[in-house]
1. Please tell me the relative contact order of the chain in percent, rounded to the nearest whole number, where contacts are Cα pairs under 8 Å and at least six residues apart.
2. Between V8, M72, F18, whose Cα lies farthest towards the positive end of the dipole of the chain when Lys and Arg beta carbons carry +1 and Asp and Glu beta carbons carry -1, centred on the Cα centre?
3. Given 0.36 nm per residue, what is the gain on full extension from A111 to F18 after removing their alpha carbon distance, in nm?
4. If you stretched the chain out fully between I7 and R92, how much longer would it get, using 0.36 nm times the residue separation minus the C-alpha to C-alpha distance?
5. How big is D, in µm² s⁻¹, for the range 2-100 by Stokes-Einstein at 10 °C and 1.306 mPa s if Rh is the Kirkwood radius over C-alpha pairs?
6. If R₀ is 25 angstrom, what is the calculated FRET efficiency for the pair L28 and E99, using the beta carbon separation as r and rounding to 0.05?
7. Take peptides 107-113, 97-103 and line them up by average Cβ neighbours within 10 Å, highest first, as a rough protection proxy.
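Here, each number is a calculation from the coordinates, and none is a lab measurement. Model, not experiment: these values are computed from the prediction. Cβ placement follows ideal geometry from the backbone for every residue including glycine, while neighbour counts extend to all protein chains displayed.
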Amino acid sequence: MGEILDIVGALLLCAGAFFTLAAAVGILRFPDVLTRMHAATKPQVFGLLLALLGVMVSLRTWHATALCLLVMAFQVATAPSAGHMVGRTAYRTGQWDEEHAEVDELADDLAEAGFTHRLDDTGHVPGG
């Protein structure tokens, strides 16, 4: 039974490495902040979760399992928040691809809150 679990653990580690590599390639290849943010959060978190599951299955100890579960919980809790903040900052500073966006629900909310998107002659936010 241990040999089968070792193989499953190795497969999970390889799958995690694949998704993490895909995230890294996405960060390098995608054209704007919002698409890079997507690559940095979704496949990276999934890759890490798979890799940690592989470690848990391979080691099969309580302390390794507890530590992996703790890392998983913190990663799942913090990655969406960090991605959200990066996305909001990119939007507010005009560093996103406005031409190719199909829906912009945030513009109405920000307009109601009094946010104005002012750019200077160089296309940057003044003071930013």
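1. Relative contact order, the chain: 24 percent.
2. V8
3. 29.3 nm
4. 25.9 nm
5. 108 µm²/s
6. Efficiency, from the Cβ-Cβ distance: 0.70.
7. Most protected by this proxy first, the peptides run 107-113, 97-103.
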